[in-house]
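Below: the structure, in C-alpha cells.
Derivation of every value follows stated rules applied to the coordinates shown; laboratory data play no part. Bear in mind the structure is a predicted one, so any value in this text is a computation, not a measurement. Here the Cβ positions follow ideal geometry from the backbone for every residue, glycine too, while neighbour counts run over all protein chains shown.
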Amino acid sequence: MVTIILLLSCDFWAVKNVTGRLMVGLRWWNHIDEDGKSHWVFESRKASSQENKNISEAEARIFWLGLIACPVLWVIFAFSALFSFRVKWLAVVIMGVVLQGANLYGYIRCKVGSRKNLTSMATSYLGKQFLKQNTGDDQTS
C-alpha cells in the first residue's frame, strides 16, 4: 500500500510539473501571497511557430487520453473495492482518485482558461472598438 501511494505521488508530481509542460504546454500551481491568501494559477504557453513544432498532436492526444483514462480507472477500482468489501484498499483507491482527479481538473482549467482568456480579450477589444466608434459618431453629429 505504501509503495502504491509513493508511486501515485511520483506520478502526480511528474505529470503536473514535467509532462504537462513539455507535451501540451500547460501548467498549474498554487501561489500564496504576502497576506497568506492562496491563489491558484492556471497557465498555457502562448502558441508560436517554434513551440508548435515541439508539441506534436500525437503526444498531446496521448497526454489527454492518459489524463482522462487514469481517473476513470481509479473510479472503477473504487467501486470494485467498495462492492467487494475490501475496505483496506479503499484508502489507496481514494488517494488515486484524488491525485489523478486533481491533475485532470488542473489541466482542464488550464485548457479552458486559455480559451476563456482569449475569448474575453477578443470580446473586450471588440467592445472597446464599438464604444469608440459610437462615441466618435456622437461627437461629430
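At 0.36 nm per residue, and after removing the present C-alpha to C-alpha distance, how many nm does the segment from Ala60 to Ser9 gain when stretched out fully?
16.1 nm
How far, in nm, would the chain grow between Val98 and Gln133 when pulled straight, counting 0.36 nm per residue and subtracting the alpha carbon separation?
My answer for the length gained is 7.5 nm.
In whole Hz, with x marking every Gly and Pro, tabulate ³J(HN,Hα) for region 103-109 from phi via Karplus 6.51 cos²θ - 1.76 cosθ + 1.60, θ = phi - 60°.
With the stated coefficients, region 103-109 comes to 5, 4, 4, x, 6, 5, 4 Hz.
What is the calculated FRET efficiency for Ser84 to Glu43, with r their C-beta to C-beta distance and R₀ = 41 Å, to the nearest 0.05?
0.50
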